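*Asks:* This is the structure I have questions about; it appears just below.
Bear in mind these aren't lab numbers, they're just calculated from the coordinates by the rules spelled out. What you are looking at is a predicted structure, and each value in this text was computed from that prediction instead of being measured. Positions of Cβ are generated from backbone atoms using ideal geometry, with glycine treated the same way; all protein chains shown enter the neighbour counts.
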Amino acid sequence: MNNLNSVLIEGNMVRDPLIRSTPKGTQVCNFSIASNRFFRQDSNLEKETGFFEVEAWGKLAAACSTQGRKGRGVRVVGRLKQDRWTGSDGKTHNKVAIVAEHVEYRSDFKKTDETVSESDNLADAAYFNGDLEPNGEAGAFYGNSEENVDAEELQAVSF
C-alpha cells in the first residue's frame, strides 16, 4: 500500500518570501502562512491560528518570490517534509515544512479614490503550469518540487 502525503492549506503570508539558490543554481523560495481555525467552545466562538513554513522549488519558487508579499491570501497544495539534524550542542532537532507543488493567490485589490480596482498583476489574470504558460484561470502556479516532478504528473485540484 502506498502512503499518502498531501496537504492543502489556505491563509495569509506572514512575511515577504525569501528566495535563494542552491549551489547548483536551483531556486528555492521560503515563506510562512498563518491559517485561522474557528470553532465553538461552550457558547463562545474561539479562534486558533497556526503558522506553517512553505518551500517552493524551481520555476514555482521564482513565481512565488515575485507574486507573494506579506499579508496576501494564498492557497498551497503540496506535501509534508521533515528535516532532522543534530545541533552543535548534541541535541537532535527536527522541522516540518510544506513543499509546495501548486500555489494560488487571492486577487490583489488596490483602493483608488472611491473605487476598488484589481491590480495589474499577471498572477491575477492568468493561470500557470510548471512552465509558466498562461492557461486561463486566476492566480495559480504549478511547479516542481525538489525531486523535479514533471508538471504533467501534477494534477489540478478542484476548488
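*Asks:* Of the peptides 22-30, 39-47, how do they stack up when ordered by the mean number of other Cβ atoms within 10 Å, highest first?
*Replies:* 22-30, 39-47
*Asks:* Over the range 8-71, what number does the Rg to Rh ratio reach, with both radii from the alpha-carbon atoms and Rh per Kirkwood?
*Replies:* With Rh from the inverse mean 1/r over Cα pairs, Rg/Rh is 1.18.
*Asks:* Let me ask something else about it. Over 25 Å between C-alpha atoms is what I'm after, so list which of Lys59/Lys91; Lys47/Lys81; Lys47/Lys70; Lys24/Lys59 land there.
*Replies:* Lys59/Lys91; Lys47/Lys81
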